[in-house]
Amino acid sequence: MTLLALNGLTKTFETPTGPVHAVSDVSLNVQAGECLAIVGESGSGKTTIANMILGILAATSGEIAFDRQTLSAKRSAKQRRRIQLVQQNPLSSLNPKRSIGASVRLGLDVYDIGKKSGRWTAVEAALDAVGLPGNMRTRAPASLSGGQRQRVSIARALACDPRLLVLDEPTSALDVLVQARVLLLLNDLRAKHGLTYIFITHDLAVVRNVADRVAVFQSGQLVELGETSQIFSAPKAAYTRQLIGAVPVVDAAELNLRNKLAEGV
Amino acid sequence: MSLLHIKDLRLGFKTLAGQVDVLHGIDLDIAAGEKIALVGESGSGKSVTARIVLGLLQETRTARINGTVQFDGQDINSMSARDRATLRGTEMSIIFQDPTSSLNPMFTIGNQFTEVLRRRDPKLSKADSHVRATTLLDEVAIPDPARVLRAYPFQLSGGMNQRVMIAMALANKPKLLLADEPGTALDVSVQAQTLTLMRDMVVQNGTSVLFISHNLGVVREFADRIYVIYRGNIVEDGPTDALFANPQHAYTRALMSAVPRITGVGIPEVPEVSDDFLAPRISHGDAL
């Protein structure tokens with residue numbers, strides 16, 4: 001079943017030096033329960049697409065349909081709550097003046113989810129779901145490690161009972177050991193809560209291990225879309241091969257694969 | 001002889017609750033022209049080691065530094081603050097993680113170049129500095145250097161700023177370049193390009209490098225030798241090939257397994273903390 005459908009989605013920014021075509025005529029479907037990776041370099045339009053899906057930006061033209069309903073940037077709270085965002089840098093995306101519990105609770109208050117008296121219990125349950133003790137809710141973001149903060153961001157998104165999570169470079173600011181733990185957590189949560197992910201990143205090695213399908217963007221255009229295993233065994237676009245060729249590799253099997261793909265350029 | 005010789009380096013910070021020890025006796029050597037990587041997770045002590053080498057942490061009142069840090073035969077710890085300051089930007093320089101935020105947003109690239117070049121040559125005229133800067137930007141493959149010199153950092157892309165940083169850091173032909181997670185803030189493809197560029201530049205100039213990173217994959221193609229640091233102790237070191245062919249220490253193995261593979265073997269289960277991580281240091285012989 002298609003959960004999210006983008007149809008001819010376009011975003012053009014008017015600037016003093018002329019129009020910038022950030023996203024040009026993008027059509028793709030996201031299936032319920034899948035993890036679709038959106039990859040590309042800075043300026044490829046990844047985040048602009050995410051912002052339109054989230055309703056932060058209005059599309060210049062084209063259509064977004066979520067669960068068969070058309071979504072515009074002006075959407076109801078009920079529609080908004082089903083699509084949640086996890087950002088790259090948890091230190092700047094969590095309010096430093098608020099306890100982490102208050103940050104997680106904010107969504108519950110804004111969308112009026114559950115009885116008021118039960119909301120702190122819901123906050124503790126959300127923290128528990130991401131592997132943080134409930135009594136941590138009174139702590140400030142500054143007293144947590146990077147990995148713990150990213151878990152809080154995930155808990156904040158989960159608390160709103162979303163169907164789709166937009167993960168915008170969720171592990172790029174973390175070191176490799178912490179990244180591995182957060183990626184495992186995201187995998188577990190997707191299975192447990194029946195979530196759908198849009199995973200935005202420039203790290204192809206992460207994509208290989210978390211995504212079901214990959215959409216490759218270059219200068220606002222969708223240049224390749226396919227199953228992850230196909231993209232990494234026989235990429236069609238030269239740009240995709242170039243992106244895979246830039247991934248730092250550790251073992252001989254990876255080096256072989258990378259060299260094999262590079263020869264195809 | 002080593003260009004940088006670190007022996008039994010210890011660091012603690014004095015706090016209200018007593019002293020917190022951060023480095024527990026680091027030994028590390030860099031030969032002239034050698035490219036060394038120091039790899040470990042956040043909080044392992046990589047960046048403080050770099051700040052001691054630069055002589056910056058010595059200015060922090062709460063820092064307690066013991067042990068030997070010899071740079072080019074001189075003891076950094078016993079030097080005056082003024083002498084240490086003279087070394088920075090001339091004999092040693094640093095490239096930080098995020099190039100755009102480490103350049104001054106209020107000055108053009110050209111003006112910042114003049115400032116850097118005058119560290120070595122205080123009487124350098126503005127015109128001469130622009131000529132030198134143009135050559136340097138040309139060397140890091142920046143098209144239209146004249147335009148870049150007139151630009152402010154925010155007018156350039158992250159990759160472009162990183163090239164500018166590399167050109168500036170090498171402008172005064174330092175003997176030692178410190179690179180603290182360079183390019184982590186950039187795209188994978190731009191990062192790969194800038195690392196290749198940095199490697200070519202330091203090889204050409206014979207500069208020694210201390211490269212700090214949390215990702216073993218990133219340093220594999222750059223470093224001659226690798227030191228792995230965990231909680232203020234070096235746990236394993238050796239030539240890059242030997243370390244990758246046969247990682248011995250439990251922590252090195254965990255770090256290596258945590259790097260996602262493009263062959264798609266899944267995300268590994270990495271232990272939170274293991275007693276094995278605190279096992280004694282393993283050395284793969286001396287490549288010097």
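Here, each number is a calculation from the coordinates, and none is a lab measurement. On a predicted model such as this, the values are computed, not experimentally measured, just so you know. Every residue, glycine as well, gets a Cβ built from its backbone with ideal geometry; the counts of neighbours run over all protein chains shown.
Brief remarks on what is shown
- Efficiency of FRET between B:A279 and B:N246 - r from beta-carbon atoms, R0 25 angstrom, step 0.05: 0.95
- Averaged over the residues of A:90-96, the number of partner chain Cβ atoms lying within 10 Å of the residue Cβ comes to 0.
- Inverse of mean 1/r across different Cα pairs in the stretch B:40-81, Kirkwood, Å: 11.1
- Virtual paramagnetic centre 7 Å along Cα→Cβ of B:E269, amide N under 16 Å, in the stretch A:165-192: A:180-189
- Cα centre as origin, Lys/Arg/Asp/Glu Cβ charges: the protein assembly as shown dipole, Debye: 1920
- FRET efficiency, B:R88 to A:N259 (Cβ-Cβ, R0 45 Å, nearest 0.05): 0.65
- Using the alpha carbons alone, the radius of gyration of chain B stands to its Kirkwood radius in an Rg to Rh ratio of 0.98.
- For a straight C-alpha distance cut-off of 24 angstrom, the lysines reachable from A:K46 (same-chain residues fewer than eight places away being disregarded) are A:K11, A:K74, A:K236.
- With a Förster radius of 30 Å applied to the C-beta separation of B:S125 and B:Q74, the computed FRET efficiency comes to 0.45.
- Diffusion constant of the stretch B:97-173 at 20 °C, which comes from Stokes-Einstein with the Kirkwood Cα-pair radius and 1.002 mPa s, µm²/s: 177
- Model label zone, B:L16; criterion: amide N under 16 Å from point 7 Å along Cα-to-beta-carbon; scope the stretch A:114-151: A:143
- Rh by Kirkwood over Cα pairs, then Stokes-Einstein D for the stretch A:168-215 at 1.002 mPa s and 20 °C, µm²/s: 191
- For chain B, the relative contact order is 23 percent, taking Cα pairs closer than 8 Å that sit 6 or more residues apart in sequence and dividing their mean separation by the residue count.
- The stretch B:237-283 versus the stretch B:42-77: alpha-carbon centroid distance in Å: 27
- Cα-derived Rg to Rh of the stretch A:139-265, Kirkwood definition: 1.01
- Chain lengthening between A:Q31 and A:T10 when straightened (0.36 nm per residue, less Cα-Cα): 5.5 nm
- Expressed as a fraction of 2.2 N^0.38 Å, the value expected for a compact globular protein of N residues, the C-alpha radius of gyration of the protein assembly as shown is 1.02.
- Going by neighbour counts of Cβ atoms within 10 Å, the residues A:V110, A:V123 line up, fewest first, as A:V110, A:V123.
- Cα pair count fraction exceeding 23 Å, expressed as % - the stretch B:170-288: 37
- Solvent-free Debye scattering, log10 I(q)/I(0), computed from the Cα coordinates of chain A at q = 0.11, 0.16 Å⁻¹: -0.64, -1.25
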